[in-house]
Amino acid sequence: MAGEDRKQLGITVKKSENISEWYSQVIQKGKFADYTSVSGCMVLRPHAYAIWENIQRIFNEKIKRLGHKNVYFPLFIPEHLFEKEKEHVEGFEPEVAWVERAGDKKLEERLAVRPTSETIFYESYSKWIRSHRDLPLLLNQWCNVVRWEFKHPKPFLRTREFLWQEGHTAHASREEAEKEAHTILKEYVDLIENYLAIPVIAGKKTELEKFPGAEYTLTMETLMPSGKALQMGTSHFLGQNFAKAFDITFLDADGKKKYVWQTSWGISTRLIGALIMVHGDDKGAIIPPRIAEHKIVIVPIYFADSKEKVLAKCKELAEKLANFNPILDDREQYTPGWKFNEWELYGIPLRIELGPKDIQNEQAVLVRRDNNEKLVVPLKGIEKRVAEILELIQNSLFERARKFLQENTVFVSNKEDFVKAIESGKMALAYFCETEECELEIKKETGATNRVIPLDQKETNANCFFCGKPAKRKSYFAKSY
């Protein structure tokens, strides 16, 4: 392949110098997504959708083990349903896209294009739930949602339409519902840290930042290399707010009619953008092995007189390593070097090179995508060695990301240090009064928002770093997407 073509294939900017342009190039040249003629809407290409399928598979296993069932509800929500919970509709109103006409006829009632599905789920819950024997009701759906209003779209991280899962559960008691919300948060943390290799900070949102209509919102946050925080997923304890709005009641074992207690929770394709931005380097994406569709790529290296022998051995090796869903790149129109660059761009965790000398020595050359380390490995027992190396890559990516998060999180005790931290793209941890007035003033003056309040904190005698009033707890702040 000509040098010019190779240059066009590769990333032309450094991540450390222009992360926004770097990210856009990785997304497009790495064939993860493409832009469309609809502003803020994108095409998820096979490389990205395969990651989403693995996220679906892993999380489905988790929630089904806990007793949840998957369902599907309509995309359109009648206006009268959407407006039943006042706080909810006020929170989402600016983001809602409405359908008002069908063909040349005006609809009798506007239909909201699903920004989230609480209202349409709970219309059915009010019909389905009659007795304590109907509880808990544990349902989840995988779908798309549309949230229209924003200024700066960014593939995966901030788009008008995106894919997600949304769980909606109903319980007989407050304790059971709160346990559900916290259990799901733990499952999210496990998914993101142990499969996507991204460390997160878990805790609560402030009253100002919580989900509209919830009693409280649990969240997971992390810091991108851009210096902006990203909300990775949320789990909401809804209390009885929606139950009362939609009259979702049940006859308890004591013969009394009661309102249910509810939760809702979700993660989205935003996780794919986080994965690319956190782990990628100047060569392109790096996909953690546990979430990668193809964990290895095999590249034959041969001359005319060894072609047949090398290709045969590579096919044999691919069959031996079938558990890792290998790609055998036997394309003849590309050089090995061009193939190396392409698969590095796509983020395949491990490359195996095999040539005539390797066959003669009964070995293969393995190249780690995370650190470019070359390892000479005997062909005998290679399955075990590949598995070990993939685990090393998985752990290395997580540790590298955790080190970044730790090094870019600072504790501050006053406004001056806080402003310095935020302006330098760091996450700031500080004692905070948690008043809405102070929170709004912080955002106005610095552009930073409260990201998460860590759970299980002890009482403090400290003062708020910003206003000087008595603080409640420590909180994390950062600019965000």
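The values are calculated or read from the model by the stated rules, or taken from the named source; none is laboratory data. Remember, predicted model here, so these are calculated numbers, not experimental data. With ideal geometry, Cβ positions are generated from the backbone for all residues, glycine too; neighbour counts draw on all protein chains shown.
Odds and ends about this structure:
- In segment 215-243, residue surrounded by the fewest Cβ atoms within 10 Å (Cβ to Cβ) [restricted to those that are in contact with a Phe, Trp or Tyr (Cβ under 6 Å, 6 or more places away or on another chain) and either free of Cβ contacts under 8 Å to residues at least 40 places away in the same chain or in the same structural domain as D456 (by TED's automatic domain parsing) (or both)]: Q240
- Top-ranked residue in segment 30-65 [being surrounded by 14 or more Cβ atoms within 10 Å (Cβ to Cβ) and of a type in the set (K, R); ranked as nearest to V96 (Cα to Cα)]: R45
- K179 farther than 22 Å from I55 by Cβ and in contact (Cβ under 8 Å) with a residue 24 or more places away in the chain: no
- Segment 306-362, subset among the polar types (S, T, N, Q) and part of a helix (DSSP H, G or I), residue surrounded by the most Cβ atoms within 10 Å (Cβ to Cβ): N341
- Just one residue in the set F246, F250 is over 26 Å from C143 (Cα atoms) and touching a Lys or Arg at 6+ places or on another chain (Cβ under 7 Å); that residue is F250.
- Considering segment 105-157, and only residues there that are of a type in the set (D, E, K, R) and in contact with a His (Cβ under 7 Å, 6 or more places away or on another chain), the residue that is farthest from M224 (Cα to Cα) turns out to be E109.
- Options I192, I198, I184; residue that is assigned to a loop (DSSP other than H, G, I, E, B) and either buried (at least 18 other Cβ atoms within 10 Å of the Cβ) or touching a residue at least 40 places away in the same chain (Cβ under 8 Å) (or both): I198
- Of the residues making up segment 66-104, those that are part of a loop (DSSP other than H, G, I, E, B), surrounded by 15 or more Cβ atoms within 10 Å (Cβ to Cβ) and either modelled with pLDDT under 95 or aromatic (F, W, Y) (or both) are F73, E83, K84, E85, V96.
- Residues that are in contact with a helix residue (DSSP H, G or I) (Cβ under 8 Å, 6 or more places away or on another chain) and not in a helix (DSSP H, G or I) do occur in segment 394-416, at least one of them.
- Considering segment 422-458, and only residues there that are part of a helix (DSSP H, G or I) and touching a residue at least 60 places away in the same chain (Cβ under 8 Å), the residue that is farthest from L185 (Cα to Cα) turns out to be L440.
- Only one of the numbered conditions (1) within 17 Å of Y481 (Cβ to Cβ); (2) at pLDDT below 95; (3) buried (at least 16 other Cβ atoms within 10 Å of the Cβ) is not met by K151, and that is (3).
- The residue that is surrounded by the fewest Cβ atoms within 10 Å (Cβ to Cβ), among those in segment 257-273 that are of a type in the set (A, V, I, L, M, F, W, C) and within 12 Å of G233 (Cα to Cα), is I267.
- Across segment 284-305, the qualifying residues are those that are surrounded by fewer than 21 Cβ atoms within 10 Å (Cβ to Cβ) and of a type outside the set (A, V, I, L, M), and the one among them that is farthest from the chain's Cα centre (by Cα) is D305.
- Hits in segment 362-380 (condition: out of contact with any Pro (no Cβ under 9 Å at 6 or more places or on another chain) and farther than 20 Å from S396 by Cβ): P378, L379, K380
- Every condition in (1) in a helix (DSSP H, G or I); (2) at positive phi is met by G255 except one, and the failing one is (1).
- Segment 144-168 residues that are hydroxyl-bearing (S, T, Y), paired with ones that are surrounded by fewer than 19 Cβ atoms within 10 Å (Cβ to Cβ) (beta carbon under 8 Å, 6 or more apart): T159/C41; T159/P153
- Hey, E166 within 30 Å of A401 (Cβ to Cβ), in the same structural domain as R114 (by TED's automatic domain parsing), surrounded by 20 or more Cβ atoms within 10 Å (Cβ to Cβ) and among the acidic types (D, E) or not: yes
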